[in-house]
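S.K.: Before I ask anything, here is the structure I am working with.
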Amino acid sequence: MKSEDKITELKGIGEKSANLFHKLNIDTLDDLLHYFPRDYETFLPPVKAGSAKAGEVCTLRLKLREAPALRRVRGLTILTMRAQDDTGCVNLTFFNMPYLKNTLKSGSCYLFRAQLQERGNGRYMEQPRIYKEEEYRLLTEGIQPRYALTKGITNQGIVRAVRQALQLCVLPEDPLPEDIRIRYGLAGYREAFFQIHFPETQEKLIGARKRFAFDEFLTFILLLRRSREASESVRSHFPMIETADTARLMEKLPYRLTNAQLRAWEEIRQDLSGENCMNRLVQGDVGSGKTVVALLGLLMCVSNGYQGAMMAPTEVLARQHYDTFCAFTEQYGLPFRPVLLTGSMKAQEKRDAYARIASGEANLVLGTHAVIQEKVKFCRLALVITDEQHRFGVRQRQNLAEKGEAPHVLVMSATPIPRTLAIILYGDLHVSVIDELPGDRLPIKNCVVGTAYRSTAYKFIAAQVKEGRQAYVVCPMVEEGEMEGLENVTDYADKLRAALPPDVQVAHLHGKMRPAEKNRVMEAFAAKNIDVLVSTTVIEVGINVPNATVMMVENAERFGLAQLHQLRGRIGRGAYQGYCIFVSGMERPDIMERLQILNRSNDGFRIADEDLRLRGPGELFGVRQSGALSFQVGDIYQDADMLKCAVECADDILKEDSGLESEKYRALRNYFEKGARNMVDFRNL
C-alpha cells in the first residue's frame, strides 16, 4: 500500500468507519500515520488502596461492600458504591452509567482505574474504568498510546488501524539527508513512526518525538524564510500621509493611550507613511488595547481614500469587532463605511457585501475566513489586519494580502511569547510590543487549589451568578473516554447542572460542534442567556463578554502557563472584579509551584519567560500549549532549543541550495511542499 491510499484499504474499515475517521481529518494512510497519540499511559500492577497516592491515576483491585445505589439529579444519573481491599475503603461514583447497577455485584472483586482523590478523611474515584484481569495484564506489558477520539471510534479501533498501516504501508523516502540526521541526533523516518505510536521504551519515544518536532520546526522555518524573501523591500502602492482624523480621535477618547500603545502606533504610522509595504506584528497582552491601535491604522488608511480589512478567527469575534467599529464611527464621526462578512450570512447578504466591497462603497471589511474567498473583490485594498495571528496560517495571511496589490500587513496576537522565540517564530515580521495595561483595569484575583476545593468553587460561582455575573469552566477534554483522570466538557456540564441551583443556566461548548452551533452558544453567552459556560480552550480567543467574572480551569496542570494566562484573559474585561480558579488534579509540590506563578503575576510576558525556563523535555505530551502556535508535536517552550537548531539547519540548507533543487534535497522539497499545505489546512499555524 502507498501512503496516499484511502484508509478503506485497511481491513475492517468500510465507508461507515471511514466517515468517522474523516471527523478526525483522517482520510488516507498518511493522515492516519500522522495522527499521533495525544498522550501515553503506563499501566502498572494494581496497588493497595492504603498505599495509593491521592491525586495520581492508579489501578485498585477492590471488592464491592454493597450493591450500587442509583439516584437521579436534574436529568443526571449518579451511581455510587463503596469498595475495599484489606488496607482501606474507596467510594466509587459513576455518572450516566445506570446499566452498571445490574453489572456490578456486591461481594465481587473488580479492577478499577482512575485518579484517586481525597475529601476530608475519605477517598474516592469518579468514573473509573473497569478492567478484566487478563485484559489488564496485557496492558502492563508496554507503553500504551492514547489518541484523541470522536464519538463512534474507540482508542483500540485507532490502535488496530495504525498497526495495520505500519505493517502494510510503504512510506515515502526520509525527507532528511543522512548527514543532517547524524548532526542533530535524529531517529530515522520509519523507525520514528513506529516508536511514536508504539514506543518500546521511554527513551525511544523521546527520540521519535524529537524527530517529528524537528521536522515540523524545519518546515515552518523554511516557509517563513520563503515568505520573508517574498515580502522584503516590496514597494508600497498606497502612499499615505498622516491626516488630522487620527489625532482628533485620540483627543476625543475618554482615556489616554498608554505609552506602549503610543509607541506601537508611531511604528505603524511610520510604516504606513514609508516607501515599502508594512509587514508588522503587534504583540500585546490580553486587555492591553491592541484593537484601538488597529483602529488608528485603519482610520489612517480610509482617510487617505483606501480600503482596509480586518480578519478575526471566529464569527462572534468578527461581529464584535464590527459592532465596535460601528459604535466608534457613530460616536466620533469617523469616515468608516464598514461591512461585515462571515460564512453564516445568507447568500443575498453576502452578494450585497461583495457589491459594496467591489465598488468601494464599503471602505472597511470586518470578517472571518470568508474575507479571503475567491468571490471577494476589493477596489483599493491598502491595509490588511489579522487578529490573533497564530490562528491563521502564513499562507492564509498571504491569501488575504493578495486581495490587493501588495497591501500593508498588520497582524495582532495576545499570545505572550518570549522575545527570543518571537524573533524566530515571527521571522517574516517586524515586531511591536504593547507591554503595558491601561490603568483602569482591575487585576485578576487568582487562586491555585486542589480538587477538594470544587464544592467551595461551585458556591462562589453560584453567588456570582446571583449578582448578575457569568462564569466559564474550562476542561481539557471534549467527552468521556479521551483520557483517564481528566475532566471532559460533556460530563462536567451535567455534573455542574446537578451541583448548582436549578435557576442557573449551564451550557457547554467545544471544537467538535458544528460552526453554527458554536456561534449560537457563544452569542447566547454574550447575550447573558447562559450563566455558566463549560468549554474546552475553544473560548481562548473567540469571545468577549465583559460581564464574565469567574474562570475555573480544571486539570490546570495539563496546560502551559502562557495558555492559562490567555484563558483568564476572558474575564475581568468589564467594570467588575475578575476571579480565576486553577484546579490541579495532581497536587505534587513541583506542579503546584509552577501554577503558583499565575497566582503571583498577571504579566503575560513574565509568565511566558517563566514557562520557557521551567518546561523540560521530560514532560513529553503532558502539558498542552495549544494557544501559542500549535504544532502537532513540537512545543515552542518545551522544545525551544530544538527550534533554534531547526533555524540553524534551515539557514545552512538555504545557503547550500536555496531552491531545494538538488538530488540531496529532493525528498525534503516534497515533504516541505506538502507540509506547508498541511500547516494551512489542518494546523493553527
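The values are calculated or read from the model by the stated rules, or taken from the named source; none is laboratory data. Everything numeric in this text was worked out from a predicted model, so none of it was measured. Neighbour counts run over all protein chains shown; Cβ positions are idealised from the backbone, glycine included. Heads up: the accessible areas ignore ligands, DNA and RNA and are worked out on the full protein's heavy atoms, side chains in. Shrake-Rupley method; radii C 1.70, N 1.55, O 1.52, S 1.80 Å.
S.K.: Looking at the stretch 633-657, which of its residues are modelled with pLDDT of 80 or more and part of a loop (DSSP other than H, G, I, E, B)?
M.R.: 633, 634, 639, 657
S.K.: Among the residues of the stretch 240-247, is any in a helix (DSSP H, G or I), under 30 Å from residue 406 (Cβ atoms) and among the small types (Gly, Ala, Ser)?
M.R.: yes
S.K.: For the stretch 297-328, give me the residue count where each residue is in contact with a Ser or Thr (Cβ under 6 Å, 6 or more places away or on another chain) and surrounded by fewer than 21 Cβ atoms within 10 Å (Cβ to Cβ).
M.R.: 1
S.K.: Could you check the stretch 73-170 for helices (runs of 4 or more DSSP H) lying wholly inside it with 3 or more residues that are open to solvent by 30 Å² or more (accessible area, probe 1.4 Å) and under 30 Å from residue 8 (Cβ atoms)?
M.R.: 133-139, 155-168
S.K.: Sticking with this one: Inside the stretch 571-600, can you point out the residues that are under 15 Å from residue 555 (Cβ atoms), in a helix (DSSP H, G or I) and of a type in the set (D, E, K, R)?
M.R.: Result: 594, single match.
S.K.: Also, quick follow-up: Quickly run through the stretch 223-242 and pick out the residues that are modelled with pLDDT of 80 or more and among the small types (Gly, Ala, Ser).
M.R.: Answer for the stretch 223-242, where residues must be modelled with pLDDT of 80 or more and among the small types (Gly, Ala, Ser): just 236.
S.K.: While we're on this one: Of everything in the stretch 581-606, what is exposed (fewer than 15 other Cβ atoms within 10 Å of the Cβ) and either more than 24 Å from residue 115 (Cβ to Cβ) or touching a Gly at 6+ places or on another chain (Cβ under 6 Å) (or both)? Give them in sequence order.
M.R.: Listed by number, the list holds a single entry, 600.
S.K.: Looking at this structure, is residue 538 part of a helix (DSSP H, G or I) and modelled with pLDDT under 90?
M.R.: Answer is yes for this residue.
S.K.: Under 7 Å by Cβ, and 6 or more places apart or on different chains, what pairs join a residue from the stretch 265-279 that is under 11 Å from residue 432 (Cβ atoms) and β-branched (Val, Ile, Thr) with one that is part of a helix (DSSP H, G or I) and open to solvent by less than 50 Å² (accessible area, probe 1.4 Å)?
M.R.: Qualifying pairs under 7 Å: 268/293; 268/297.
S.K.: Output yes when any residue across the stretch 258-281 is closer than 30 Å to residue 514 by Cα and of a type in the set (S, T, N, Q), and no when none is. Give the steps one after another, and end with the answer.
M.R.: First, pick out the residues of the stretch 258-281 that are closer than 30 Å to residue 514 by Cα: none.
No.
S.K.: For residue 385, all conditions in the list (1) modelled with pLDDT of 80 or more; (2) over 22 Å from the mean Cα position of the chain (by Cα); (3) over 22 Å from residue 222 (Cβ atoms) hold save one; what is the number of the exception?
M.R.: (2)
S.K.: What number of residues within the stretch 287-319 satisfy the criterion of being out of contact with any Cys (no Cβ under 7 Å at 6 or more places or on another chain) and outside any helix (DSSP H, G or I)?
M.R.: Counting residues in the stretch 287-319 that are out of contact with any Cys (no Cβ under 7 Å at 6 or more places or on another chain) and outside any helix (DSSP H, G or I) gives 12.
S.K.: Taking the stated definitions as given, is residue 562 surrounded by 22 or more Cβ atoms within 10 Å (Cβ to Cβ), modelled with pLDDT under 85, closer than 30 Å to residue 42 by Cβ and among the hydrophobic types (A, V, I, L, M, F, W, C)?
M.R.: In short, yes.
S.K.: Let me ask something else about it. Within the stretch 138-146, is there a residue that is of a type in the set (Ser, Thr, Tyr) and over 26 Å from residue 33 (Cα atoms)?
M.R.: No; the residues of the stretch 138-146 include none that is of a type in the set (Ser, Thr, Tyr) and over 26 Å from residue 33 (Cα atoms).
Okay, residues lined up against (1) within 22 Å of residue 543 (Cβ to Cβ); (2) at pLDDT 95 or above; (3) touching a Lys or Arg at 6+ places or on another chain (Cβ under 9 Å):
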{"residue": "286", "(1), (2), (3)": "yes, no, yes"}
{"residue": "301", "(1), (2), (3)": "no, yes, no"}
{"residue": "310", "(1), (2), (3)": "yes, no, no"}
{"residue": "321", "(1), (2), (3)": "yes, no, no"}
{"residue": "335", "(1), (2), (3)": "no, yes, no"}
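S.K.: In the stretch 440-467, which residues are without any contact (Cβ under 8 Å) to a residue 60 or more places away in the chain and open to solvent by 30 Å² or more (accessible area, probe 1.4 Å)?
M.R.: 455, 456, 458, 459, 463, 466, 467
S.K.: Let me ask something else. For residue 254, only one of the following conditions fails: (1) under 26 Å from residue 380 (Cα atoms); (2) free of Cβ contacts under 8 Å to residues at least 24 places away in the same chain; (3) not β-branched (Val, Ile, Thr). What is its number?
M.R.: The one condition residue 254 does not meet is (1).
S.K.: Return the pair list, or none, for Cβ contacts closer than 6 Å from residues in the stretch 162-178 that are more than 17 Å from residue 27 (Cβ to Cβ) to residues that are hydroxyl-bearing (Ser, Thr, Tyr) and buried (at least 19 other Cβ atoms within 10 Å of the Cβ), at least 6 apart or on different chains.
M.R.: Taking only residues 6 or more apart or on different chains, the pairs are 174/189; 175/671.
S.K.: For the stretch 1-16, enumerate the residues that are open to solvent by 40 Å² or more (accessible area, probe 1.4 Å) and either touching a Leu at 6+ places or on another chain (Cβ under 6 Å) or outside any strand (DSSP E or B) (or both).
M.R.: Once the filter is applied, which keeps residues that are open to solvent by 40 Å² or more (accessible area, probe 1.4 Å) and either touching a Leu at 6+ places or on another chain (Cβ under 6 Å) or outside any strand (DSSP E or B) (or both), the stretch 1-16 yields 1, 4, 5, 8, 9, 11, 12, 15, 16.
S.K.: Kindly list the number of the only condition in (1) over 15 Å from residue 162 (Cα atoms); (2) surrounded by 15 or more Cβ atoms within 10 Å (Cβ to Cβ); (3) basic (Lys, Arg) that fails for residue 38.
M.R.: Going through the list (1) over 15 Å from residue 162 (Cα atoms); (2) surrounded by 15 or more Cβ atoms within 10 Å (Cβ to Cβ); (3) basic (Lys, Arg), residue 38 breaks only (1).
S.K.: Here's another thing I want to ask about it. Pull out all pairs, ordered by first then second residue, where Cβ-Cβ is under 9 Å, the residues are six or more apart or on different chains, the first lies in the stretch 646-667 and is farther than 21 Å from residue 188 by Cβ, and the second is in a loop (DSSP other than H, G, I, E, B).
M.R.: Between residues of the stretch 646-667 that are farther than 21 Å from residue 188 by Cβ and residues that are in a loop (DSSP other than H, G, I, E, B), the close pairs are 647/427; 654/660; 656/662.
S.K.: Filter the stretch 517-558 down to the residues that are closer than 22 Å to residue 291 by Cβ, open to solvent by less than 10 Å² (accessible area, probe 1.4 Å), out of contact with any Gly (no Cβ under 8 Å at 6 or more places or on another chain) and not aliphatic (A, V, I, L, M) and list them by number.
M.R.: The answer is 525, 542.
S.K.: I've got another one for you. Specify which of the listed residues (190, 211) is assigned to a helix (DSSP H, G or I), free of Cβ contacts under 8 Å to residues at least 40 places away in the same chain and open to solvent by 10 Å² or more (accessible area, probe 1.4 Å).
M.R.: Values: 211 fails: open to solvent by 10 Å² or more (accessible area, probe 1.4 Å).
Only one candidate qualifies: 190.
S.K.: Moving to a separate point now. Kindly indicate which of 11, 48, 16, 53 is of a type in the set (Lys, Arg) and in contact with a Ser or Thr (Cβ under 9 Å, 6 or more places away or on another chain).
M.R.: Values: 11 fails: in contact with a Ser or Thr (Cβ under 9 Å, 6 or more places away or on another chain); 16 fails: in contact with a Ser or Thr (Cβ under 9 Å, 6 or more places away or on another chain); 53 fails: in contact with a Ser or Thr (Cβ under 9 Å, 6 or more places away or on another chain).
Only one candidate qualifies: 48.
S.K.: What residue, of 71, 113, is more than 28 Å from residue 557 (Cβ to Cβ) and among the charged types (D, E, K, R)?
M.R.: Of the residues listed, the single one that is more than 28 Å from residue 557 (Cβ to Cβ) and among the charged types (D, E, K, R) is 71.
S.K.: All but one of (1) open to solvent by 20 Å² or more (accessible area, probe 1.4 Å); (2) assigned to a loop (DSSP other than H, G, I, E, B); (3) hydrophobic (A, V, I, L, M, F, W, C) hold for residue 498, so report the exception by its number.
M.R.: Exception for residue 498: condition (2).
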